[in-house]
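Quick notes on the structure that follows.
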Amino acid sequence: MNVPGAPYTSGGELAGRTTRLMLYALLAIILMSLDFRERWVDRARATAGLWVEPLVLLVEWPYQASARLGEALRSHRQLLAEARALRLDLAVVSAELMVLEELRQENAELRELLDAGQRPALGYVAAEVRRVDLNPFSHRILINRGSRDGLQPGQPVIDAHGLVGQVDEVFLHSARVILLTDPDHALPVRIERTGLRTIAYGSGLNAQMRLTDLPMNVDLQPGDVVLTSGLDGLFPAGLPVGRVDSVERPVGASFARADLRARGRPDRSRHLLVLDPIVERDEIQHPAPDPMPPEASEPDQSQSAAGDAAPADAAPSDAGGSL
Amino acid sequence: MSARDSDQVLCLLTLAVGLLLTLMPMPESLQAARPHWLALLIIYWNLEGGRLRLLGQCFALGLLLDLMTGTLLGQHALALVILCYLLERFRARIRFFPPWQQAAVVLALLLNDRIIHLWVVGLAGEGWPHWSWWLGPLVSVALWPWLFLLLDAMRRRQRVRKSS
């Protein structure tokens with residue numbers, strides 16, 4: 001047993017090591033189950049996340065620097081071409097906005113006639129996806145806004161195409177966003193054509209969600225547009241979520257299932273908006289006095305108008321046009 | 001004495017670089033095949049440098065990895081503690097294996113690591129991973145000889161510099 005270089009081969013030592021392995025494994029399993037049930041450790045996790053954050057910033061730094069360098073080296077002609085394309089886009093989008101503005105006013109008048117409360121105005125914070133890869137299982141991304149910018153867990157996150165997810169953990173300069181496609185995520189939705197309300201679960205696959213608890217005789221077809229229902233009080237109603245891909249009615253099962261293709265593509269677009277439902281939903285408020293800054297109030301009124309007055313065609317085409 | 005100190009610095013430095021490489025952005029298609037840098041470094045430093053031999057050290061590194069990648073707290077910790085235990089158990093034998101056999105052991109250890117992850121992920125109810133997820137250990141083993149040679153060369157150079 002006196003092999004040089006192997007001082008730990010005696011029986012007692014081995015038994016001690018096995019005991020320690022068991023203890024550590026037990027500790028790990030306890031931690032995992034606590035984390036899974038979201039008890040106690042989440043506060044410790046949040047503080048530890050703050051300590052780890054500088055490392056993430058360090059990884060991202062060379063990418064940011066190279067991107068900035070690339071911008072600085074771009075040619076004059078390229079910039080002019082881009083400016084022209086953007087101006088064209090702006091013209092198209094502002095024309096669409098004009099139509100929507102009219103719809104919004106009409107909607108506000110109708111609501112006043114019906115004596116209904118005004119829809120809550122939405123504020124938003126623009127954010128960028130951090131160029132950091134997290135593990136492939138959790139459908140989560142890191143964005144470059146954090147508690148310093150007033151983010152809070154639970155805020156919805158959208159991109160130019162549709163809903164992406166919600167803020168999960170907030171650090172100082174960054175926040176983790178849980179995507180709709182995460183298996184842990186459930187979202188109350190409404191089928192736009194029929195008004196059917198149900199819940200969309202993440203599937204763990206890229207850009208796919210599932211509707212699992214549908215009645216067998218449900219009126220649902222591939223191509224149906226799915227919107228948020230707003231019933232959870234967290235996501236504003238009428239945000240585009242996705243499109244029904246396929247509907248299955250397995251023989252012998254008690255519920256029909258459907259696959260959804262999500263509209264928001266966080267893997268493609270780097271620019272996101274974190275929505276901020278500042279105004280309480282039951283608070284009656286006239287559209288004119290807006291607490292937002294002027295450049296913020298334009299698009300978010302259109303946002304609420306798009307979701308409100310014309311969920312059928314205006315919202316998706318608006319989102320497509322603003323690209 | 002000073003040689004051990006400089007080894008210590010080198011060990012910490014490589015671990016920091018390994019952590020950064022773990023977070024490094026990669027194209028979507030290659031993401032699953034990302035080598036497990038931290039496990040490779042732990043295996044190297046355990047076998048050759050005689051460091052990171054305590055289960056507690058591996059546990060702490062695993063927790064750090066969990067925090068950084070946003071996995072369930074304790075998932076990497078469990079996998080790395082088991083890796084460390086197996087390494088310690090067979091250390092005397094692995095050290096004197098010829099290189100190809102050593103690489104086979106590394107592959108086995110990394111596959112075991114993936115199986116532990118799969119177990120945890122399965123219990124947590126997340127879906128079955130894409131098949132490319134199993135490429136990770138293969139890529140890691142392909143990198144193992146080069147990492148081994150690089151770290152050996154770095155340590156030798158440092159030792160020469162210290163002694164002269």
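FYI, it's all coordinate maths here, none of it is from the lab. Just so you know, these numbers come straight off a predicted model, no measurement behind them. Cβ sites come from the backbone with ideal geometry, for glycine too, and all protein chains shown count toward neighbours.
General remarks:
- Restricting the calculation to Cα atoms, chain B shows an Rg/Rh of 0.97 when the hydrodynamic-style radius is the Kirkwood one.
- Helix-derived mean residue ellipticity, 222 nm - over chain B, DSSP H n ≥ 4, -39500 (n - 2.57), to 500: -24500 deg cm²/dmol
- Computed magnitude of the charge dipole of chain B (debye, nearest 20; Cβ of K, R +1, Cβ of D, E -1): 820
- Extension gain, residue A:43 back to residue A:271 (0.36 nm per residue minus Cα-Cα distance, nm): 79.2 nm
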